[in-house]
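Inspection log for the structure reproduced underneath, given as structure tokens.
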Amino acid sequence: MKMLVSLLALAIAAPACAATAADADAFVASAEKQLATYGVDAARIAWVNATYITDDTDALAAKSGAEGTLLQVRLAKEAAGFNGVAGIGAATQRKLDFLKQGIVLPAPSTPGAAEELATIATRLQSTYGKGKGTFKGEPKSGNDIEALMGTTRDPALTAEMWASWHKVGAPMRADYVRMVEIANQGAKELGFADTGAVWRAGYDMPAADFEKLIDRLLAEVNPLYVDLHCYTRGKLNAKYGDAVQPKTGPIRADLLGNMWAQDWSDIYDVVAPAGAGDIGYDIGALLTAKNADAVKMVRYGEGFYSSLGFAPLPDTFWTRSMITKPADREVVCHASAWDIDSQDDVRIKMCTKVNSSDFVTIHHELGHNYYQRAYKGQPPLFQGSANDGFHEAIGDFVALNVTPDYLVKIGLLDAGKVPDPSKDIGLLLRQAMEKVPGMPWTALVDKWRWGVFSGATPPSAYNKAWTDLRLKYQGITPPVARSEADFDPGAKFHIPGNTPYARYFLARVLQFQFYQAGCAQAGWKGPLHRCSIYGDKAVGAKLNAMLAMGASKPWPEALAAFTGSRELSGKAMLAYFAPLQAWLKTQNKGQQCGWSARP
Ligand code: X8Z
Ligand code: ZN
């Protein structure tokens with residue numbers, strides 16, 4: 001409501017001379033040109049900064065970031081000048097809406113605000129990139145400590161890594177507070193209540209409905225999470241004893257094999273049931289056995305997309321990507337995919353390790369690159385995904401097709417080693433440990449930010465609000481005491497990186513919808529989790545048709561183009577895990593599942 005009133009205020013402030021639909025078309029064409037021109041240089045600068053962090057590249061990135069913000073804010077205000085103009089065509093109207101809504105961190109018109117905002121944003125990201133934790137007292141980069149969290153089973157050491165890595169956040173707090181202040185002023189100038197309202201505006205529905213959609217989808221899949229939490233807690237209790245992991249209540253956050261407890265697959269060995277749980281292979285071990293290095297892993301990923309009919313990656317992908325961590329400089333290791341020129345200069349940036357989780361991440365990142373290539377023919381403002389969840393879902397959808405039979409086809413697994421149906425529970429449990437904990441986690445990250453941006457969570461309660469959400473949604477608790485001297489959100493890339501996170505929540509649901517639809521198109525009749533669309537060019541063509549739509553149509557149309565449905569739904573994910581959920585329920589009989597929000 002507030003937003004509507006403010007937009008009207010902007011409309012009233014628009015020039016008195018009557019703008020026409022043709023003016024709107026001309027404005028949009030000019031805006032697209034300006035954005036495209038800015039975008040190529042900006043992408044190159046951001047790339048150099050992220051792959052070579054120095055004071056100089058930080059300064060260049062901050063300067064370029066400020067220019068971009070000023071350009072976007074100017075265009076957003078000009079776009080608002082067309083509010084209420086009659087006869088604007090659907091495509092132009094959609095582009096005007098994107099211009100008004102699409103700024104992650106808007107700045108107000110106060111002189112120097114955009115520059116201050118960009119300097120803070122760059123400093124936050126680089127502080128994260130350069131962050132170190134410790135393992136046995138030795139300094140470790142974020143990338144190394146993330147991997148060590150997956151393989152370490154000594155709770156004193158996992159607590160040390162958790163506590164030391166979370167110290168990376170503390171120095172960011174003052175910057176974060178100021179950043180929120182500036183961005184909120186910018187959001188208000190654009191007619192939004194706060195920056196969180198801008199973030200929620202991009203989903204072809206009223207912002208309030210988007211919050212409800214997240215809650216509805218989370219409620220749909222949460223019972224599965226609670227079952228998995230209960231089962232995992234029991235196994236951790238059996239392994240570590242009551243003093244480390246009690247039988248009831250939340251799980252200690254550092255015992256789940258991941259710094260943020262967002263993906264528990266690395267402790268599959270701890271939870272695997274005897275017999276059915278021995279799935280007989282680990283992708284990391286298979287890759288190592290074949291002497292596959294990081295580049296070879298990316299080649300496997302490319303091979304999957306090629307089998308669906310996508311053109312091979314260009315030579316420049318291989319020469320310009322950062323596939324492993326350079327030894328001699330600071331970089332942002334958190335994986336990302338880039339599209340430098342909106343044509344063919346696509347790249348990934350990863351500090352790849354030869355393990356199963358990076359094999360999935362490679363497919364994830366390549367999903368971004370193939371999406372980018374598929375929509376390059378769209379006009380600049382439609383060069384994006386149907387909504388941001390789609391961009392995150394494509395590669396994950398493809399990775400769901402990495403089944404034992406597929407691994408045989410590409411020569412990674414011996415045919416005789418394919419786990420038989422008696423191992424289905426193990427295979428599903430391994431997948432659930434990877435996918436299901438992401439549901440509450442991906443929902444809470446932006447719940448925290450929405451509260452911060454709206455002011456419901458003041459700076460004096462930043463850390464408490466974070467810890468409370470982690471308890472409420474994930475049922476986890478920090479291994480060491482926390483206070484407002486800490487800033488734990490800063491220890492997760494997307495907070496200092498200012499990457500909205502609800503997209504990953506949507507992606508988690510969407511990837512199973514895509515997978516279920518793709519497997520139906522392929523005529524798959526067996527258990528869903530054994531399906532692989534590898535090599536199916538008809539499914540690939542249909543997928544490409546959706547990707548090629550870019551952001552040109554409201555997302556339900558894109559979803560319908562591939563799946564036939566216009567609704568986001570947790571049903572596909574629940575169907576995939578149905579046999580496991582039934583099994584978990586029998587395993588959990590007699591247990592007091594769940595946790596109370598305030599133990
Ligand atoms: O950040 C990512 C991708 C970036 S393109 C690697 N993901 C989220 C995360 O790591 O927290 C993918 C899963 C969720
Ligand atoms: Zn991604």
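Structure values in brief
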item: Sequence of L217, L584 once ranked by neighbouring C-beta atoms within 10 Å, starting from the fewest; result: L217, L584
item: Per-peptide average of other Cβ atoms within 10 Å, ordering 248-258, 452-462 highest first; result: 248-258, 452-462
item: Label-zone membership for region 504-527, site L574, 7 angstrom Cα→C-beta point, backbone N under 19 Å; result: 505-517
item: Residue order, fewest to most surrounding Cβ atoms within 10 angstrom, among K525, K464, K447; result: K525, K464, K447
item: Under the Karplus curve 6.51 cos²θ - 1.76 cosθ + 1.60, θ = phi - 60°, whole-Hz ³J(HN,Hα) for region 317-331, x wherever Gly or Pro sits; result: 4, 6, 7, 9, 5, 10, 9, 10, 6, x, 7, 10, 7, 7, 9
item: Cα-Cα pairs of the chain separated by more than 33 Å (percent); result: 44
item: Nearest-ten-degree value, helix 438-454 long axis tilted from longest Cα axis of the chain; result: 30
item: Alpha-carbon centroid distance for the pair region 432-492 / region 293-328, whole angstrom; result: 34
item: Protection proxy ranking of 504-510, 88-94 - average other beta-carbon atoms within 10 Å, highest first; result: 504-510, 88-94
item: Selected from F317, G564, A491, residue furthest toward positive end of dipole (the chain; charges at beta carbon); result: G564
item: Antiparallel %, DSSP beta bridges [both residues in the chain], to 5; result: 75
item: Using θ = phi - 60° and Karplus 6.51 cos²θ - 1.76 cosθ + 1.60, couplings along region 133-143 (whole Hz; Gly, Pro as x); result: x, 10, 9, 6, x, 8, x, 9, 5, x, 4
item: Cα gyration tensor category, rounded, prolate or oblate, for region 430-479 with a/c compared to 1.5; result: oblate
item: Packing rank of 486-495, 199-208, where each peptide gets the mean count of other beta carbons within 10 Å, highest leading; result: 486-495, 199-208
item: Cα gyration tensor category, rounded, prolate or oblate, for region 173-241 with a/c compared to 1.5; result: oblate
item: Principal-axis tilt of helix 173-189 within the chain, Cα atoms, nearest 10 degrees; result: 40
item: Potential lengthening between S454 and Y38 on full extension [0.36 nm per residue; Cα-Cα distance subtracted]; result: 146.7 nm
item: Between 0 and 90°, nearest 10: helix 113-130 axis offset from the chain longest Cα axis; result: 20
item: Inter-label distance for L157 and A538, nm, one decimal - labels placed 7 Å from Cα along Cα-to-Cβ; result: 5.2
item: Extension gain, A481 back to A285 (0.36 nm per residue minus Cα-Cα distance, nm); result: 66.9 nm
item: Global geometry of region 323-480, whether rounded, prolate or oblate, following the gyration tensor of its Cα atoms and the 1.5 cut on a/c; result: oblate
item: Helical mean residue ellipticity (222 nm; -39500 (n - 2.57) per DSSP H run of 4+; nearest 500) of the chain; result: -18500 deg cm²/dmol
item: Taking Y268, Y371 and counting other C-beta atoms within 10 Å, the order from fewest to most; result: Y268, Y371
item: Length added when fully stretched, E330-T248, from 0.36 nm per residue minus Cα-Cα; result: 25.3 nm
item: When each of K212/K553; K296/K447; K63/K212; K95/K447; K239/K472; K100/K212 is checked by Cα-Cα distance, pairs over 30 Å; result: K296/K447; K63/K212
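Laboratory data are not the source of any read-out in this text; all were calculated from the coordinates shown. It should be emphasised that the depicted structure is a prediction, and the values quoted were computed from it without experimental measurement. All Cβ positions, glycine included, derive from the backbone under ideal geometry; neighbour counts span all protein chains shown.
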